[in-house]
Each structure stands twice: as C-alpha cells, then as structure tokens.
Amino acid sequence: MSKTTDTQPTPSASPPQRLLLRRDLAWLSLFWEHSWPILWPIVGIIGVFITLALFNILPLLPGWLHTIVLIGFALTLGLTMWRRMRTIQLPNTASATRRLETDSNLVHRPLTTIQDIPATGTLDDQTAKLWQAHLNRATAAARNIRLRWPHPNLAARDPYALRIALVLALFVSVLAAGSDATSRLANAVSPDLSALTQRTPVSLEIWVTPPEHTNLPPLLLASANPDNTPVPPNSVHDKISIPVGSTLLAQVNAGRGWPELKIGDTTHALSEISNKAWRIETSLDDPGTQTLSIEQSGTTLGRWDVELVPDSAPDIRFAESPNANESNSLRLSYESRDDYGVVSVRAQITWPGNPVATGIPPIDLELPLPRPDPRGGAAASIHDLTAHPWAGLEVDVQLTAQDGNDQTGATDRLSVFLPERSFSHPIARAIIEQRRVLALSPDNRRDVARSLHNLGRFPGRFDNDYAVFLALMTARSRIIHEPKSAGVVSVLALLWDTALRLEDGSLSLAQRDVADLQERLRDAIKNGASEEELREIMDDLRAALDRYLEALAQNLSQALEGMDLSTLPEAGEDMNLLDREAIDDILNQLEQMAQLGDTESVQKLLERMQQMLQALQNAPNNLQQQPSSQAQQFMRELQQILRNQEGLHDETFQRDQQDAQMTPSDSQAARDAQNEIRRQLGELMRRLGELSNEIPENLGDAENAMSDAERALGDGDLQAALGAQARALEELRQGGRQMALQIMRQRGQGRGPGQAEGLFQPGEDGFDPLGRPTQPDDNSAEGFLSNGQQAIGDGDQAARALEILEELRGRLRDQGRPESEIDYLLRLLRRF
C-alpha cells in the first residue's frame, strides 16, 4: 500500500480594513509631500494676487497698467503650472505600505509580508501551515501601526519664510476688505479701460488779479468751470485792459505735451504740479500792448490781446485859493483825480522865513478824501490855525495826494496869509504880540521875558486873575532859565492859553477840547478801535460838549446883557434852549456810526456838529452886527409891552392898597388899557408867526392871563386882576427869553458872508434842522450815496445793523465752529 501526499492552494492573509485605511492615508501623505513643494509657487502667485485684490490696490492703477498686471499674473501662473504639474508623480501602493512600516518602526516588513505570496504558488500541508504561521506572526506585528504627519520640507526650499509673510498679509487683507471682499475681487479682475476709448479734453483756467490798491475784481480769461463766464479768446473786444503789476495765474489739465505761456516775445514754461496738470503764476509788469497765449504741443489753447495800463500819479489842484472863514479858520478845498483813487491827501504849510532858526516845524495837515469817489472828486476842510505862531504871516501852502501805489502828486505852492484871531482885551493883545516876537526871534528871549514881567506887575489890569499872573511869571522864568536848545514851543502854547483865558474865559479852552476829541474819534475809527475805546471817547466828548455849552451859555448871556435885553436868561440858565436836544441826537448817531465803522457818516456828523456849534457861537455877533434888524425890533416891542403891563399892574396895586372903590368909568378905563396891551401882544405874536412859524408858548399864556385880568377889571375885582396881571408879567418875561434865543439860533444857522457856497446848513431848503439832506442825491438812487455805497442811516436801520454786528461777534466767540466759518465771520467784521 502506497502513501499519497495532498496539495492545497497557497494560503494568504487578507489585509484588515484598518490597514487599508492607514495605507490610503499614507498614500495621501506621500502625495502631499511630493506635490506641495511643486505646487507652492502656484499657490504663492494666487495668494499674492488675492492679497492685492482685497487691499483694493489694482483698481487704483490706470486701466492700461491694471490690464498689464492681470496679464502678467495670468502668464506667470500658467507658465508655472505647466512647468510644475509635469513633475508630479503619483505614489504606488508599495510605497504607501513601506511608509507605514517606516513610520511604525516595524522590522522585517510585516505589512509587505501580509500582502506577499509564496514563490511556488502551491504548498503542501506542512508548508502551508508553516506559511500560515508566518502570516499570523506578521499580522500580529502590524497591529500597532501608526502614521506621522506629512512633512513636505518647505523650509529647505523657502529659507526666508515668505510663506508665513504671505499668510499674514492675506489674513490682514481679509480683515481690511470685510464685507467688500467680493466686490474688491470682482474689481481686481475687471480693469477700467474707458480711458483708452475716451480721451480727456484739455482744460484751461486763467485768472488775472489786479494789484490790491486798484480795488478791481479779478478778471477771468478762461475757466474749466462751466458756471463761470470768462472773457473769450479773440473776443469782440479789441483789447483787454489790465493794470500793470497784476498777477496772472494759469493752469492746464490733461492734454499731451508741456504747455507754455507766451506774453509778447517772452515764453514761460508751466510747472507740473501733478500728473497731467501744469501751473504758472507770474507778474505782468511790462506796460503796453501784449499778446497773451497758452500753447501745448503746437496747439493754441487760448489767445488774448491785452493792454497793460501803467498806474499814473495822482493829479491834484486847488479848487479855490485858500481863504479864511468868519471864524478865522483856514479853508482848504481841492479837486483830485487818480486811476484807482487816492488814499491820502495832506497839506504842508511852510514859512518862507528862517524856520530852522525858530525851531518851529512846518504845519502838516491831513485832509479828507475826495467825494463822492476817491478816483475823482473834490473836498473841502476847515482848519483852525489861529493858535500857530505863524498866524497872521504870509505862508506857502502845498497839497500832496498819494495813491495806493505810493505815487504822489502835488500842487504848486500858493502864498496866503494865515488867518489870525483878533483880541479885544489889551493884556491879551500884548501877550500875543510878545508871543510872536518870541516865536520869530528866539534871540530876543530876554526882551520878551522883561515884557511879560511888566505885564504881570499890575494884576488889576486883568481883574486880579491869579491864573493869568502865575502863567505870565512861569513863562518869564522858563524863557530865562531854560536852555535855548529846549525850544520855545511849550512856552508859546502857555502864552496862547493865557490870552484865550483873558479874552473868552473858559469857552476857547472848552472848544479846543471838543476839537481834540473829535480828532481822536476819527483816528480811533480809522485804526479799528474796540467798542470800549470808542465808548470811552464818546463819554469824554459828551463831557467836553457839556463844558463847551456851559461856557457858551455864559458868553451868550453876557452878550445879550450888553445888548440891553434885561429879560434874557442869566449865565447857565435853561441850557436846553441851546439846541441841546439836537446835539444829543447827533451824539447818539455818532456812537452808532462809530460802532459800525462807518467813517464817512462819522465825518459828516462831526462836520454837522461843528456847524451847529459855530452857528450858536456866532449868534450874538450876528445880532450885534445888525442893530436895526427886524429881530431887534421885535425885542424892543416886547420890552415896551412888558413895561406897559408893569405900569398897569402898579396902578392896580395902588388902587387896591388905598381901598378905593372903582367907579364904572374908572373900571372901563382900566379894562380898555388892559385890552390895548393885549391887542399889542397879539399883533406882535401874529408878525412873529409870519416870520418864523414858531411862537413861544409863554406869549400865548400871557395873552390868556391878560384876558382874565381884563374881565376882573371890568367886574371891579382888583385882587383877581392883580393875580392875572402878575401871571401875565411872568409869562412875558419867559416868552421874551425864548423869543430872543430862537431868533439868535435862526441867525446863527444862516450862511455868513465868508461862508462858501455848496456847504449845507441846518434849516436850509433840502436839509432838516440837523443838516441832514431831505432828498436823495440827484445822481443816485434813493437811499444810496453818489459814490455807489448804501447809506446806513440812523434810527431803526442803524439799530438793526448793530444787532447784526453783535450777532456776528457772538458767533465768532464760539470757537467750536468750523475754521472756514470763522474765516468768513472775520471777513464780515473787517472794517474797510
């Protein structure tokens, strides 16, 4: 019997599911480690593009450059992908298995063994059992397999760690884009190519700014703004007049080539201020006809024919010879013309003698600007120079006008006699005589000192006025003891004040204080003084006017007493009769106009005030110069009526004291006498009303009292008649005072013999009692001055203007407002 051996297929171990999953992961890990270093440049290019897109950088580029960048990115990405993708190789299963064995530190490659088969293909039972044992051992060894993280080793290929910088930039760009990330990515791949299909038109803008002193507005020759209306090139105007010294500003935008400015034969290249923008700023200083043009790449953008007009010096001349008015003040009148207006007019008065030896400088006076227009007009001014040592001497007068370009024009010198004041007091005349000797001959100082000493030896000749005595002795001592180098100007002023005190008392000194404060007010407004300074000056002016009116009232009372008008008020009584209400009205207007900075209105108000004060001061003289006038006749008739009433009152009083009974005939005679006095008063009132249309109220009350007395006399009631007659006498006295001052006020408002024509006076036709014109200027619209400026006026208009001014100042104090608004408010508040 033979033994038979069985054969069977080769046993094999099927890999578990866990091993298969780990092998797939190992395959992916090998693929990543092999492909990531190859794909990294491609990812880097894409990352850079996304970063630029999210930062919105690409749309900022010009359309053509944006397109080139996109093409560059696309070409770079495509070329890199083509070169890199070719080198990628897929790993096989054996490599994945080997990766697991290596990462698991397995010896004898058990994972490979599990997948292996015997070389003979078929095995006997013993060999099969042995092979199965071998597989079981390999399977047991593969239970603890593990797979480490992929390691592409980019550090060796990116030694500068650019990948980290790219990741950080990409993260920041995502945060910056926020919700706009999608739109930014879309804009990054959509370049704006409209600039290639639409050509930007060339824009030209030219401004010509005249010099500041011309007060002309800027001239627009060309504008890129369609809302502006420039002077067109080659316009119908033959030439465009431009002042010499104007500044030309030109700007060109877009176009090809470098633009140039041509002025006559001179070429100026414009400076580039930004991309496709050029600019130039130059001064036009060459007078004459010029051709102004802007050219770019041979193309003329604009061309103008201009006439550069030089600024001529002012022309000034005397409107009439300097002369003296009735108050011994020097009147200067002139006419002037200038291209753009004069800014200053001055008069210089010199003595043809030897002023250097006397130490007295020339007289320099500031004159008002011409009206109605500084470019061409006339002006007149009054200057009280009677206090100057040259008063009464022949002097030379020259006027000089200056324009805003510091050019001057002057008149010829005219020889005139400087007005001087006449003194009636003998000591005052002697002081003025010695004052002139001292001024013109300083070497005769001791002779003058001796004469002043002799004048002061007898104080009785000047009513024992100790102030005058001390002034004379002080002047004498200063002349003797002060060195010659100290000069005599201060001594001359002391002697002048002393002579005024003797002649006028305190009136002249008060008048000088008023004039000084008026000049201070003009200077304060001209220099832009604050409201506090203006208010202080106005308070001082009011106080000075009070002193002046008080002194004027005293002199007025003395003058009326000299005219034998016993019924007129005494010194300082009833001050309101001196038109104080009108003067207060002017002062209130002055304060309003000063706060508004209206220099012209302030000047007119000061002139009006001066005329009113001069009229009041000259009123007694006018009456004395016309003793046979109708006004004096009225006063004499009123005095006679007053005496007749006093006589009838005395007769009635005697009858009452004697307790005598009045017979019907006596009663009728007394009644007829009272009726005749009342008739005379009524006739006087009628004639006075025809003359002035204003009858003192007291005269009407006196007539009513006479009527009561007449009825009482008719009834025989002497007590009632006496009371009525007493009232009539008192009313007659009060009415006489009012009538006298009213007549003098009207006399003072009339134009004196030395007053020039053309100066308005209060109360004349065309002017109200304060001297304000009642009709608008013939050459201007109602409410506007002839120089084209709107008058502020007074009353409600001025009050409203002050409210607006205060509101603007309040807004300016609010520092929280925008800077542009603050600049605008400053321009509104600036005084011109």
(message) What lysines does Lys604 reach when the alpha-carbon gap must be under 28 Å and sequence neighbours fewer than 8 apart in one chain are set aside?
(response) Lys526
(message) What figure, in Å² to the nearest 10, do you get for the accessible area of Ile316 with a 1.4 Å probe and non-protein molecules left out?
(response) 10 Å²
(message) Tell me the accessible surface of Phe458 in square angstrom (1.4 angstrom probe, heavy atoms of protein chains only), to the nearest ten.
(response) 110 Å²
(message) From the phi angles alone, apply the Karplus equation (6.51, -1.76, 1.60; θ = phi - 60°) to the range 519-524 and give each ³J(HN,Hα) in whole Hz, x where the residue is Gly or Pro.
(response) 5, 4, 5, 4, 5, 5
(message) Probe radius 1.4 Å, ligands and nucleic acids left out: which of His383, His151 has the largest accessible area, and how do the rest follow?
(response) His151, His383
(message) Less than 25 Å apart at the alpha-carbon level, and either on another chain or at least 8 residues along: which lysines does that give for Lys276?
(response) Lys262
(request) Order Glu433, Glu205, most accessible first, counting only protein heavy atoms with a 1.4 angstrom probe. (result) Glu433, Glu205
(message) Explain nothing, just the number: dipole magnitude of the range 346-487 about its Cα centre with +1 on each Lys and Arg Cβ and -1 on each Asp and Glu Cβ, in debye rounded to the nearest 20.
(response) 720 debye
(message) Highest mean first, how do 702-714, 71-83, 643-655 rank when packing is the count of other Cβ atoms within 10 Å averaged over residues?
(response) 702-714, 643-655, 71-83
(request) State the Cα centre-to-centre distance between the range 439-488 and the range 308-342 in whole Å. (result) 41 Å
(request) Sort Lys526, Lys276 by accessible area with a 1.4 Å probe, largest first. (result) Lys526, Lys276
(message) For the ranges 216-222, 85-91, what's the packing order if you count other beta-carbon atoms within 10 Å of each residue, average per peptide, and put the highest first?
(response) 216-222, 85-91
(message) Given the whole protein assembly as supplied and a 1.4 Å probe, what does the accessible area of Val172 come to in Å², nearest 10?
(response) 70 Å²
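The values are calculated or read from the model by the stated rules, or taken from the named source; none is laboratory data. On a predicted model such as this, the values are computed, not experimentally measured, just so you know. Glycine gets a Cβ as well: all are built from the backbone with ideal geometry, and neighbour counts include every protein chain shown. Ligands, DNA and RNA are stripped out before the accessible areas are found, and what is left, the full protein with its side chains, is counted by its heavy atoms. Shrake-Rupley method; radii C 1.70, N 1.55, O 1.52, S 1.80 Å.
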